[in-house]
Amino acid sequence: MRWSRLLSALLLSFTGVRAQSSSAAAFFATESPIAKANLLANIGPSGSKSQGAKAGIVVASPSTSNPDYLYTWTRDSSLVFQTIIEHLRSQIDNFVGAQQIMQQVSNPSGTVSTGGLGEPKFNIDQTAFTGAWGRPQRDGPALRSTALITWANFLLTQGNTSYVTGTLWPIIKLDLDYVASNWNQTGFDLWEEVNSSSFFTTAVQHRSLRQGAALATAIGQTSVVSGYTTQAANVLCFLQSYWNSAGYVTANTGGGRSGKDANTVLTSIHTFDAAAGCDSVTFQPCSDKALANLLTYVQSFSIYAINSGIPSNQGSATGRYPEDSYYGGNPWYLTTLAVAEQLYDALTVWNQQGSITVTAISQPFFTNLVPGTATGTYASTTATFTAITTAVKAYADSFVAVVAKYTPANGALAEQYTRGGGVPTSAADLTWSYAALLTAVDARNGVVPLSWGAKGLTVPSACNTNSGGGGGGGTVAVSFNVQATTVFGENIYLAGSVDALADWSPDNALLLSANSYPTWKITVNLPANTQVQYKYIRKYNGAVTWESDPNMQITTPASGSYTANDSWR
Ligand SMILES: *[C@@H]1O[C@H](CO)[C@@H](O)[C@H](O)[C@H]1NC(C)=O
Ligand SMILES: *[C@@H]1O[C@H](CO)[C@@H](O)[C@H](O)[C@H]1NC(C)=O
Ligand SMILES: *[C@@H]1O[C@H](CO)[C@@H](O)[C@H](O)[C@H]1NC(C)=O
Ligand SMILES: *[C@@H]1O[C@H](CO)[C@@H](O)[C@H](O)[C@H]1NC(C)=O
């Protein structure tokens, strides 16, 4: 454990553990070691409950029936490892190796170059899961790259540039190219039910592109920087559209629900950047929008019997979304803990900046806890600041107390606890539940994650789509020339990452002209100042053959034209 403590000390900046003796502190003290042990038990190859999972594979839960969770999700794996980076290095190296392999596994969403990175889950022997599922899910590549970038940034501080550039960057770049090319496409949400655009997905995509541009700059991979930065601005613009006139975040653009969803609270804690203060553009935990949203989200679970009689200024059980019917629609441990974590994060920033601002948007959140709070800014020397921070701390702790109340004596955290009696249900030992416990403990202790660049971002005045070009919607003529010898009846086609290149569809790929054989040619209008990936395809007698990996990539100029001179690979 010596190395793990050293790593924690290097990675984390403790702002001091406040002395207290509340029941939340007592619960965390007994539950933390249990959560750590049970989380590690779910990771292959040596975890005691990982049931044969390969090295670096995270089992969502050891439960094999009712429900069967013996799979590995990209999202869960990435969130779990974002936490673990702060604890154990050898496991991280295994994770990198596992993800490097699985990026290349052909699966029902495609190959590495045709959308396969959006595949949400795999079998734990690293083979493709081929059953029916809600696919693609586009948060996985974003979360995986964020986890790997956190690791890369740490290694850079250790002077380990060669591993970052040689091993980590190619994995990260595949994911970020996928995000840059696909953020403006629909996919399934983090609960794997709604096929539309999803706030959580959009927010983590935005974060990953910002971090990716910064890492690329740091290690001299400058060709991708402007493309990632342009798309990040486009994604940030789109992110604002989830805020609704009723004063909360609509979690998904589809699905036909209220849109009140833990998705939104999870977004605030997983995109927390204390350097950004209470900025609402990135929905920081203490921003007026995120606090108003938290209140609306929490209140939507007054429908649970176990919440009856709990006053509105005290913690209650919260679930994924009020319309949920999975296993009867229950509160989840990780969502209830997420509420506490958002509030702990908010307290950290208010104390750090020495003031709290109450706006018309956040006022209902504050008056629920401190009746009569007026809009305005309260310095840390004021009685109102003290009243608010005291009340918010107690409110946060009371959500932990709900989790404590419904945690069995052995400390095991399942996925859910029943809405009627608080009895653990659905998957046992959910790895994500344990990770949520550990990050809530850190947040309560004032641990601040590393900054990812959320500070001072401005939203573009008009929102572009990713294929509409970053430079304001213009297009440029791009000529593709490829040397390829063919047999009679065989033709060369082109497909790539933007609409004008058929969005990687082999069926709709563009036929090149053989007038200059053996050079095949086509000229296409592509969005200006945009990173575009492509490959050539052979079609012969109905058979389709793609060029070998990796994808070809260009960044189109802001104006004028461009000619790519390639040879078939
Ligand atoms: C760089 O980090 C990798 C991954 O942990 C490790 O295998 C390698 O030994 C490190 N190299 C140096 C020079 O520290
Ligand atoms: C694509 O981006 C535009 C501009 O932000 C937005 O209006 C549209 O809803 C987005 N569509 C998807 C599926 O992301
Ligand atoms: C998800 O929605 C998109 C856009 O509406 C659609 O093209 C796609 O077929 C849908 N996927 C599934 C699995 O329903
Ligand atoms: C491709 O070849 C043409 C003609 O020789 C040249 O003008 C162009 O700059 C080349 N493109 C690249 C990307 O090198």
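Structure values in brief
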{"quantity": "Residue identified as surrounded by fewer than 24 Cβ atoms within 10 Å (Cβ to Cβ), in a helix (DSSP H, G or I) and of a type in the set (A, V, I, L, M) among 361, 306, 310", "calculated": "306"}
{"quantity": "Pair list, Cβ < 6 Å and 6+ apart or interchain, from region 465-491 residues that are under 30 Å from residue 239 (Cα atoms) and within 16 Å of ligand 2 (Cβ to nearest atom) to residues that are open to solvent by 30 Å² or more (accessible area, probe 1.4 Å) and modelled with pLDDT of 80 or more", "calculated": "465/184; 466/184; 467/499"}
{"quantity": "Residue match in region 156-163 (condition: away from ligand 1 (no atom under 16 Å from the Cβ) and either among the basic types (Lys, Arg) or out of contact with any Gly (no Cβ under 8 Å at 6 or more places or on another chain) (or both))", "calculated": "no"}
{"quantity": "Selection status of residue 50, in a loop (DSSP other than H, G, I, E, B), among the polar types (S, T, N, Q), farther than 25 Å from residue 415 by Cβ and over 20 Å from the mean Cα position of the chain (by Cα)", "calculated": "no"}
{"quantity": "Of the criteria (1) open to solvent by less than 10 Å² (accessible area, probe 1.4 Å); (2) among the aliphatic types (A, V, I, L, M); (3) under 25 Å from residue 80 (Cβ atoms), which one residue 276 fails", "calculated": "(1)"}
{"quantity": "Some residue of region 25-36 being part of a loop (DSSP other than H, G, I, E, B), in contact (Cβ under 8 Å) with a residue 24 or more places away in the chain and outside the structural domain of residue 327 (by TED's automatic domain parsing)", "calculated": "no"}
{"quantity": "Residue in region 384-400 that is open to solvent by less than 60 Å² (accessible area, probe 1.4 Å), among the aromatic types (Phe, Trp, Tyr) and either over 28 Å from residue 319 (Cβ atoms) or over 31 Å from the mean Cα position of the chain (by Cα) (or both) present", "calculated": "yes"}
{"quantity": "In region 321-336, the residues that are out of contact with any strand residue (DSSP E or B) (no Cβ under 6 Å at 6 or more places or on another chain) and in a loop (DSSP other than H, G, I, E, B)", "calculated": "321, 322, 323, 324, 325, 329"}
{"quantity": "Tally of residues being of a type in the set (A, V, I, L, M, F, W, C), in contact with a Pro (Cβ under 9 Å, 6 or more places away or on another chain) and open to solvent by 10 Å² or more (accessible area, probe 1.4 Å) across region 424-446", "calculated": "1"}
{"quantity": "Looking only at region 64-114, and only at residues there that are small (Gly, Ala, Ser) and either touching a strand residue (DSSP E or B) at 6+ places or on another chain (Cβ under 8 Å) or open to solvent by 20 Å² or more (accessible area, probe 1.4 Å) (or both), the one that is farthest from ligand 2 (Cβ to nearest atom)", "calculated": "90"}
{"quantity": "Which numbered condition residue 200 fails, given (1) closer than 23 Å to residue 155 by Cβ; (2) away from ligand 4 (no atom under 16 Å from the Cβ); (3) out of contact with any Phe, Trp or Tyr (no Cβ under 7 Å at 6 or more places or on another chain)", "calculated": "(1)"}
{"quantity": "Region 367-410: number of residues that are without any contact (Cβ under 8 Å) to a residue 24 or more places away in the chain and within 18 Å of residue 30 (Cα to Cα)", "calculated": "3"}
{"quantity": "Members of region 313-325 that are open to solvent by 20 Å² or more (accessible area, probe 1.4 Å) and under 15 Å from residue 394 (Cα atoms)", "calculated": "313, 314"}
{"quantity": "Set 223, 198: member being open to solvent by less than 30 Å² (accessible area, probe 1.4 Å) and over 17 Å from residue 452 (Cβ atoms)", "calculated": "198"}
{"quantity": "Identity of the residue in region 234-273, in a loop (DSSP other than H, G, I, E, B) and aliphatic (A, V, I, L, M), that ends up farthest from ligand 1 (Cβ to nearest atom)", "calculated": "246"}
{"quantity": "Restricting region 121-152 to residues that are more than 18 Å from the chain's Cα centre (by Cα) and among the polar types (S, T, N, Q), the residue that is nearest to ligand 2 (Cβ to nearest atom)", "calculated": "130"}
{"quantity": "Strands (runs of 3 or more DSSP E) fully within region 467-569 counting 1 or more residues that are open to solvent by less than 40 Å² (accessible area, probe 1.4 Å)", "calculated": "475-483, 491-496, 519-527, 531-540, 552-555, 561-567"}
{"quantity": "Single residue of 343, 239, 294, 266 found to be within 16 Å of ligand 2 (Cβ to nearest atom) and either open to solvent by less than 10 Å² (accessible area, probe 1.4 Å) or closer than 16 Å to residue 436 by Cβ (or both)", "calculated": "239"}
{"quantity": "Output for region 504-531, where each listed residue is without any contact (Cβ under 8 Å) to a residue 40 or more places away in the chain and under 36 Å from the mean Cα position of the chain (by Cα)", "calculated": "505, 507, 508, 509, 510"}
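The values are calculated or read from the model by the stated rules, or taken from the named source; none is laboratory data. Note that the coordinates shown come from a computational prediction; the quantities given were computed from them, not determined experimentally. Cβ coordinates were reconstructed from backbone atoms using ideal geometry, including for glycine residues, and neighbour counts include every protein chain displayed. Ligands, DNA and RNA are stripped out before the accessible areas are found, and what is left, the full protein with its side chains, is counted by its heavy atoms. Shrake-Rupley method; radii C 1.70, N 1.55, O 1.52, S 1.80 Å.
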